[in-house]
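Readers should treat all values here as calculations from the given coordinates under stated rules, not as data from a laboratory. Just so we're clear, the structure is a prediction, and the values are computed from it rather than from any experiment. Here Cβ is always computed from backbone atoms with ideal geometry, including for glycine, and neighbour counts include all displayed protein chains.
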Amino acid sequence: MDKRKILLISQVFYPDEVAVANLFTNLCTELVKSGLEVRVWCAQPSYTCRERQQKHKIYQGIYIHYLPSTNFRKDKIFGRLINYFTYSVSTVLKLIFSRDKTKVITHTTPPFLAIIISFLCKLKNREFFYVLLDVFPDGLIRLNKVSSRNILIKIWRSLHLKAFKRCKRIVVIGRDMKKWLCDFYPGGYKKVEYIPLWQDKELITPVDLNDNPLVSDLHLQDHFVVQYSGNMGLWNDMEALGRAVSKSPDGIMFVFIGNGMRKKELIESIKNDNLSNVLFIPFQSNRNYSLSVCACHVALVNLREGLEGIAVPSKIIGIMGAGIPVIAMVPKDSEIAYIVEEEKCGYVLKPSDSDGLINTIIRLKSDEVLRKSMGQNGRKAFEKKYTSKIIAEKYSAIFVS
């Protein structure tokens, strides 16, 4: 087995531009630069791009194989499930008939696929590396979406534990997640590696609001802008943000970029017919992201109460890279809280604290020196710890060991 070759199995990848696709496209690009041969099995794009790709493509030195799969729109739950199913079937069949011994890396999307891949890698005598981005089904249990006593959930958790035991190494993206893993799988401490999230340094450069064309395009130049950018999904408390918008603090404009299943919850929680202080815009392409992430005075990160160890919103790294102070409405023992407090790049609030959010926004609005200091702290930490190149070195070390 060639230690310099790896196979990434990831449903989303280039040319899709959702968070996970961007993360792993950036990571693989840096791994190739470091001398690794990287192959990727992914699905046909179905998120930000729906143009079907040729079966094989080389991008930035990465050998991409687009497996047979549907690419229905992701905002339709049935279509998304069919996409999961067709990609998973293609992956399983290709692994079964593959004679290659290249080490395999995958993550937690779709949630159940890694369990099957771990079994097949054991069967085929292939090393298996598991990157834990979200924790299923435990996150659903914490949100009371399912019961831990449900027999199917018990089976799922049991199979997940067996998957962990088959891993060569397990990568977690949060120290809170490492704690969860070691509690769930006590033997896991021997093979677990904490490697934080990352962002492309070349993609993000701080841009002054006065020089940002997106600010003038959106007519934001006369406002103090508070931005939430990214998925409004299962792990987010959008109702708390909606309550803050309803209070309509003077001179403050809330900008929400993106979409997700909880966007409706956000809109319904804004108990104010006058929406002059809120702006909704769609997801931005990578080309516009460097401007959009800088088009605010303060940025928000949100994670529902009780989800420490379950998920780490990736948007925090882009915010730090942009040199923007952050207000993190997250559990106090979560990775996001650790980062914000360690790097002194913002404030940490309880996930549902709408009043605290307004008070903190007003405090930052009145203190430009504090805002700049926090933003600079975030940028320095980003350059030192969270760039794609730095993180790729950590991944490369465990792949070739």
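Straight-line cross-link reach from K122 at under 22 Å between alpha-carbon atoms covers these lysines, not counting any fewer than eight positions away in the same chain: K3, K5, K94, K101, K103, K162, K165, K168, K190, K191. Listed by Cβ neighbour count within 10 Å, with the fewest neighbours leading, V330, V348 appear as V348, V330. Neighbour counts of C-beta atoms inside 10 Å place D353, D367 in the sequence D367, D353, starting with the fewest.
Between V40, F128, V369, the Cα set farthest toward the positive side of the dipole of the chain (charges on each charged residue's Cβ, about the Cα centre) is that of F128.
Couplings 3J(HN,Hα) of segment 112-118, computed from phi: 8, 5, 4, 5, 5, 4, 4 Hz, in residue order, whole Hz [Karplus 6.51 cos²θ - 1.76 cosθ + 1.60, θ = phi - 60°; x for Gly and Pro]. Within straight-line reach of K384, meaning a Cα separation under 16 Å, sit the following lysines at least 8 residues removed in sequence or on another chain: K201, K344, K394. Over the chain, DSSP H runs of length four or greater, each weighted -39,500 (n - 2.57), average out per residue to a 222 nm ellipticity of -12000 deg cm²/dmol. Straight-line reach from K145: taking Cα to Cα under 22 Å and skipping same-chain neighbours fewer than 8 places apart, the lysines in range are K74, K76, K154, K263, K264, K350. Relative to the current alpha-carbon distance between K372 and K389, full extension at 0.36 nm per residue lengthens the span by 3.5 nm. The angle separating the long axis of helix 175-184 from the principal Cα axis of greatest extent in the chain is about 40 degrees.
About the centre of its Cα atoms, the chain shows a dipole size close to 2260 debye [charges on the beta carbon of Lys, Arg (+1) and Asp, Glu (-1) only; nearest 20 debye].
Only one of (1) 64, 47, 39; (2) 61, 53, 45; (3) 57, 53, 42 was calculated from the structure for Cα extents along the principal axes in Å, and its label is (1). Placing +1 on the Cβ of every Lys and Arg and -1 on the Cβ of every Asp and Glu, with nothing else charged, gives segment 209-386 a dipole about its Cα centre of roughly 260 debye.
Structural descriptor for the chain: relative contact order 14 percent, calculated from alpha carbon pairs under 8 angstrom and at least 6 residues apart. Qualifying GluC sites (Glu not before Pro) in segment 4-60, where qualification requires a DSSP coil assignment and no more than 16 other C-beta atoms within 10 Å, comprise E51.
Angle of helix 19-33 to the longest C-alpha principal axis of the chain, folded into 0 to 90 degrees and rounded to 10: 60°. For segment 126-163, backbone nitrogen atoms closer than 15 Å to the point 7 Å from S352 Cα along Cα-to-C-beta are found at 143-144.
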